[in-house]
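The values are calculated or read from the model by the stated rules, or taken from the named source; none is laboratory data. Worth saying up front: this structure is predicted, and the values here are computed from it rather than measured. Note that each Cβ is placed from the backbone with ideal geometry, even for glycine, and that neighbours are counted across all protein chains shown.
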């Protein structure tokens, strides 16, 4: 196909695309070599840059969206971590922070009491599918690709008596479509109590010190394949949590290569890039 014909064909294709898709198509063509040689060439899609939002690259990506599963026992620092995430690491990054947490909503946790006075925070003392659906409907009302970036958190759903087929659990499979990129945060005390959809779709995993053999077995069964096998993952967990019960192992599950950190700061293992 000659260059003029290819250009004309590409122009015809562009005319059928939405404004956003058209922009991505044009940029992609320019990044390859002007216009495609063939209209059926597979072109790279321009993805949002992590640096656009000014967040440390070691943290979960809120431009394309992330799901964090924080699995630690009681009194191991989950609330402190959450406050650092909301008030420091991602300060002013979310249009609204929605948090389903009876403890936070009641103000009984001194660590998170500051959330009560934040106009950008909406706290729920009780989870219902209807309340979550109202949030998703509000996000959808902005139109495709225009929803504001939000934080959506669930504090130990099992302890709240939330069933496995609840909307918050099913949302794990499609959270990126609703949060404007954003961040979904799901905390639990026991890994196996998190719904399969949450465990299967989480992009980042936080794990604390555990004395439970069953909990360790569940962890290695589901996540060790990207971290050098069961023994290596056990070693990483032991290393990350040896000094303090508040330290944790932080796994970037969807990173290529996979990465393991002690807390959010120290890279302690990196897998094969292949």
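Filtering segment 241-248 for residues that are farther than 27 Å from residue 127 by Cα and assigned to a helix (DSSP H, G or I) leaves a non-empty set. Only residues that are surrounded by 13 or more Cβ atoms within 10 Å (Cβ to Cβ) and modelled with pLDDT of 80 or more were counted in segment 44-79, giving 21. Among residues of segment 97-114 that are without any contact (Cβ under 8 Å) to a residue 12 or more places away in the chain and on the phi > 0 side of the Ramachandran plot, those with a Cβ under 9 angstrom from a residue that is in a helix (DSSP H, G or I) and crowded, with 20+ Cβ neighbours inside 10 Å, sequence gap 6+ or separate chain, pair up as 107/115.
Identify all residues within segment 188-216 that are in a strand (DSSP E or B) and either at pLDDT 95 or above or under 12 Å from the mean Cα position of the chain (by Cα) (or both); write none if there are none. Show your work before the answer.
Taking segment 188-216 and keeping what is in a strand (DSSP E or B), we get 188, 204-207.
Within segment 188-216, 204, 205, 206, 207 qualify.
Looking only at residues in segment 103-161 that are in a loop (DSSP other than H, G, I, E, B), surrounded by 15 or more Cβ atoms within 10 Å (Cβ to Cβ) and within 21 Å of the chain's Cα centre (by Cα), which one is modelled with the lowest pLDDT? My answer is 158. Surrounded by fewer than 16 Cβ atoms within 10 Å (Cβ to Cβ) and touching a strand residue (DSSP E or B) at 6+ places or on another chain (Cβ under 9 Å) - does that describe any residue in segment 204-212? Within segment 204-212 (the criterion being surrounded by fewer than 16 Cβ atoms within 10 Å (Cβ to Cβ) and touching a strand residue (DSSP E or B) at 6+ places or on another chain (Cβ under 9 Å)), the answer is no, since none of the residues qualifies.
The set of residues in segment 81-102 being part of a loop (DSSP other than H, G, I, E, B) and over 18 Å from residue 187 (Cβ atoms) consists of 91, 92, 93, 95.
Can you say whether residue 274 is modelled with pLDDT under 95, part of a loop (DSSP other than H, G, I, E, B) and not assigned by TED's automatic domain parsing to the domain that holds residue 60, as far as the supplied structure shows? So residue 274 passes the test.
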